[in-house]
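Written below as structure tokens is the structure these notes are about.
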Amino acid sequence: MLSRTLILKTSALKPVQKLIRKSFLFRPLVKRFIAGDTLEEAMGNAQALLDKGFNVSLDNLGENTSTETEALTAKSTYIRMLDTIGLQKPEPIERCNISIKLTQCGLDLGTDYAERNYRDVLVAAQQHKNFVRVDMEASEYTARTLEIMERVLPDFTNTGTVLQSYLIRTDDDVQRMIDLKARVRLVKGAYLEPATVAYQDKKEVDAAYVRQSKRLIAEAPYAAIATHDEKIINELNAFVAEKKIDRAGFEYQMLFGIRRDLQERLRSEGYNVRVYVPFGDSWYPYFTRRLAERPANTFFILKSMFKG
């Protein structure tokens with residue numbers, strides 16, 4: 001975890017942020033992870049994936065709006081994403097859905113305010129017979145996100161959320177979401193969290209991820225297992241075979257630009273695979289978390305920083 005922590009702390013430094021944002025040297029690396037600055041560019045990449053048999057989740061990058069104007073702009077973008085997918089008419093429509101962030105909906109401005117904006121997005125999704133996933137953010141938002149989910153799900157079945165296996169609380173949250181019959185995406189977690197709330201050892205995180213994945217696959221409706229860890233995937237595939245679980249009852253999710261070979265392999269073996277396709281100009285926090293997950297990519301940055 002040391003290299004991951006170092007990367008996250010270093011990337012938060014303003015000189016590093018300025019270098020990565022401004023230098024043309026980083027554009028190829030950014031394009032590897034980000035599907036474009038605009039919705040139109042992202043839809044072009046999404047359509048190419050849909051044509052290959054993958055499912056897609058579109059994500060408009062950005063976090064923590066600080067004004068109502070910003071939050072309403074984010075809500076409008078989410079609705080435009082759903083309208084655009086509706087015009088593309090993938091069959092079934094939910095093959096291309098969207099992921100949203102409650103802090104973009106104004107969670108820092110108030111829980112009720114964010115929930116109202118979220119519900120407006122769900123109304124639009126319902127009209128298109130589509131699905132909206134609420135991304136999980138830093139641990140300070142976990143409790144409020146799940147509380148909103150519990151209030152919203154009785155009115156809208158076309159939504160679900162994300163749980164992070166590195167949080168110590170997540171085993172309990174898995175049961176909570178199973179009881180709620182919520183659709184859950186499970187991730188390991190990519191934020192810098194203290195030992196009081198999150199496992200710091202990779203082995204503990206991996207063990208929690210496998211344990212929670214098996215529960216979700218076996219007990220939750222259409223679980224989404226988000227990982228690029230081939231060892232974990234092979235263990236879960238063996239579990240599915242042993243328990244005779246229908247492969248159509250869950251999906252693997254992977255990030256745009258990462259492990260395309262593994263995505264293709266799983267799809268060819270008959271597993272549902274959804275690719276998370278992020279876009280927009282507010283890409284820096286997302287990009288640095290991807291670097292922290294794959295420290296080898298930082299060698300490119302370090303080499304460039306120390307040139308001349």
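Quick rundown of the values:
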| item | result |
| --- | --- |
| Options Phe239, Phe279, Phe299; residue that is at pLDDT 70 or above, more than 25 Å from Gly62 (Cα to Cα) and among the aromatic types (Phe, Trp, Tyr) | Phe239 |
| Residue count, the range 228-281 (criterion: on the phi > 0 side of the Ramachandran plot and either of a type in the set (Gly, Ala, Ser) or more than 19 Å from the chain's Cα centre (by Cα) (or both)) | 4 |
| Verdict on Asp172 being on the phi < 0 side of the Ramachandran plot, of a type in the set (Asp, Glu), modelled with pLDDT of 95 or more and in a helix (DSSP H, G or I) | yes |
| Which listed residue is surrounded by fewer than 23 Cβ atoms within 10 Å (Cβ to Cβ) and under 30 Å from Leu87 (Cβ atoms), from Leu146, Leu167, Leu153 | Leu153 |
| Residue under evaluation Leu72, criteria (1) within 19 Å of Glu41 (Cα to Cα); (2) surrounded by fewer than 16 Cβ atoms within 10 Å (Cβ to Cβ), criterion not met | (1) |
| Count of the range 210-227 residues which are assigned to a loop (DSSP other than H, G, I, E, B) and either closer than 10 Å to Val187 by Cβ or out of contact with any strand residue (DSSP E or B) (no Cβ under 6 Å at 6 or more places or on another chain) (or both) | 1 |
| Tabulated pairs, the range 59-72, first closer than 17 Å to Ile98 by Cβ, second of a type in the set (Ser, Thr, Tyr), C-beta under 6 angstrom, 6+ apart or interchain | Asp59/Ser99; Asn60/Thr77; Leu61/Ser282; Leu61/Tyr286; Gly62/Ser282; Glu63/Thr103; Ala71/Thr65 |
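The values are calculated or read from the model by the stated rules, or taken from the named source; none is laboratory data. As the structure is a computational prediction, the values presented were derived from the model and not from experiment. Here Cβ is always computed from backbone atoms with ideal geometry, including for glycine, and neighbour counts include all displayed protein chains.
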